[in-house]
1. Can you work out the PRE-style zone for residue 214? Point 7 Å along Cα to Cβ, and I want the residues of the stretch 291-321 with backbone N under 20 Å.
2. Going by how many other beta carbons lie within 10 Å of each one, how would you line up 273, 305, 21, fewest first?
3. Percent of Cα-Cα pairs more than 18 Å apart in the stretch 199-324, please.
4. Please report, for the Cα atoms of the stretch 262-324, the Rg to one decimal and the Dmax as a whole number; what are they, in angstrom?
5. Give me the three principal axis extents of the stretch 199-266 from the C-alpha atoms, as integers in angstrom, largest value leading.
6. Cα atoms only, the stretch 153-270: Rg and Dmax in Å?
7. Starting with the fewest neighbours, write out 263, 3 ranked by other beta-carbon atoms found within 10 Å of each beta-carbon.
8. Using Cβ counts within 10 Å as a stand-in for footprinting exposure, how do 292, 165, 277 rank, fewest first?
């Protein structure tokens with residue numbers, strides 16, 4: 001969004017195109033980075049509890065237009081943010097989008113124009129919209145880190161009624177992403193499935209074949225084993241049912257996590273916010289609950305990494321001894 005012309009709530013100065021601007025993840029209020037660092041918090045933090053959402057400033061002549069002014073000065077609706085602009089303006093005074101009102105030009109339907117050079121158009125969420133019965137501001141306050149990515153995803157899933165939305169982080173870091181985002185139930189399921197899948201590598205046949213391919217690789221690199229013998233040993237290892245099951249199961253597990261992660265996360269966010277709203281004794285308690293129950297947990301993620309590795313080792317040894 002173009003904040004040029006808007007005013008910093010801390011110093012009162014208008015933003016310019018060269019200013020370094022940071023935006024509050026809860027209410028969307030823009031600040032000079034230096035002003036935000038000096039204050040240590042959003043200038044409108046006291047209003048967060050009431051669900052305050054920052055809105056772009058409008059020129060004085062647009063604030064309270066009279067019927068006579070509207071007749072004398074026709075306006076054009078911005079195809080991106082929906083703001084009303086004077087017809088003589090070439091671009092939107094709020095977001096900077098090009099206005100399609102040149103002579104003999106047809107204005108495209110709202111939200112159907114494509115940005116230049118194939119850049120995806122950002123999702124524009126009206127401040128009064130809700131996601132699962134919760135305001136956008138409350139959802140952003142709960143998500144905290146990464147709210148600029150997850151809130152638009154939740155909004156699109158809500159409006160399109162689609163439960164599946166790809167999540168690269170969950171795909172790459174299964175099951176750790178779930179615990180990082182405090183989605184405990186789904187994380188526990190993927191953790192257990194991952195540990196069980198690792199049992200494929202704990203069978204005596206897999207261990208013997210793995211040791212054999214390792215020795216063959218060392219001999220091949222040292223020049224004491226010909227390529228044909230090495231490839232035969234490698235083929236024997238990679239065609240084992242345990243090897244195939246381990247790699248194929250791992251791919252399925254990670255793809256499943258990438259597909260369902262946003263659904264489980266969105267459902268948890270909605271449930272937690274509704275629960276906090278129902279039981280909070282005051283607005284202050286409610287906002288504090290959002291901060292405590294939401295956000296991320298890097299410490300828990302690290303702990304799960306150690307627990308996951310230890311469970312794989314212990315269960316693997318027990319399974320190997322059982323089959324030996």
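1. From the stretch 291-321, the list is 309-321.
2. 305, 21, 273
3. Everything past 18 Å amounts to 73 percent.
4. Radius of gyration, then largest Cα-Cα span, for the stretch 262-324: 19.2, 62 Å.
5. 57, 23, 15
6. 19.9, 64
7. Fewest-to-most Cβ neighbours within 10 Å comes out as 263, 3.
8. So the ranking, lowest neighbour count to highest, is 292, 277, 165.
None of the figures in this text is laboratory data; all of them are computed from the coordinates on show. It should be emphasised that the depicted structure is a prediction, and the values quoted were computed from it without experimental measurement. Heads up, the Cβs are rebuilt from the backbone with ideal geometry, glycines too, and the neighbour counts pull from every protein chain shown.
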